[in-house]
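Just so it is clear, none of the values below were taken in a lab; they were calculated from the coordinates. Just so it is clear, the structure is predicted and the values come from calculations on it, not from any experiment. Positions of Cβ are generated from backbone atoms using ideal geometry, with glycine treated the same way; all protein chains shown enter the neighbour counts.
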Amino acid sequence: MIDDIVAPGLRVLFCGINPGKSSAHTGYHFAHPGNRFWKVIHLAGFTPSLLRPADEHQLLASDCGITMLVARPTVQAGELQREELRCGGEALTKKVMRWQPQLLPTVQN
């Protein structure tokens, strides 16, 4: 299982659709070696250094966090069922209401 990286007062709560198989295997968000998430958020100025998936909790020091719409890992997000997405949307709404991030961009794995 991959845990949300969240805290009160986040500037940004990044939201992935669902974990890929590499993330499910390692337990870290955006863990596939070819995934550009960590590089992109560093180059965009969200983090002062390039983080590795294993460093994901360091995002909180930059007032950033990560969650996902659906917890079930798949090879492609298109494998998710409509009901999973609907339930994920409801859960995401509750997370946003609880943590109240300033911004919630979605990220495809």
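Out of region 50-87, which residues are under 22 Å from residue 102 (Cβ atoms), without any contact (Cβ under 8 Å) to a residue 60 or more places away in the chain and not charged (D, E, K, R)?
51, 57, 58, 59, 60, 61, 62, 64, 69 - these are the residues of region 50-87 that are under 22 Å from residue 102 (Cβ atoms), without any contact (Cβ under 8 Å) to a residue 60 or more places away in the chain and not charged (D, E, K, R).
Which one of 59, 92, 10, 50 is of a type in the set (A, V, I, L, M), touching a strand residue (DSSP E or B) at 6+ places or on another chain (Cβ under 9 Å) and part of a loop (DSSP other than H, G, I, E, B)?
10
Conditions tested, residue by residue: (1) surrounded by 17 or more Cβ atoms within 10 Å (Cβ to Cβ); (2) over 13 Å from residue 5 (Cβ atoms); (3) in contact with a helix residue (DSSP H, G or I) (Cβ under 9 Å, 6 or more places away or on another chain).
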residue	(1), (2), (3)
35	yes, yes, yes
44	no, yes, no
47	yes, no, yes
59	yes, no, yes
67	yes, no, yes
70	yes, yes, yes
80	no, yes, yes
86	no, yes, no
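Return the pairs, sorted by first residue and then second, in which the second residue is surrounded by fewer than 21 Cβ atoms within 10 Å (Cβ to Cβ) and among the polar types (S, T, N, Q), the first residue lies in region 19-41 and is more than 18 Å from residue 71 (Cα to Cα), the beta carbons are less than 7 Å apart, and the residues are 6+ apart or on different chains.
Within 7 Å, the pairs are 41/47.
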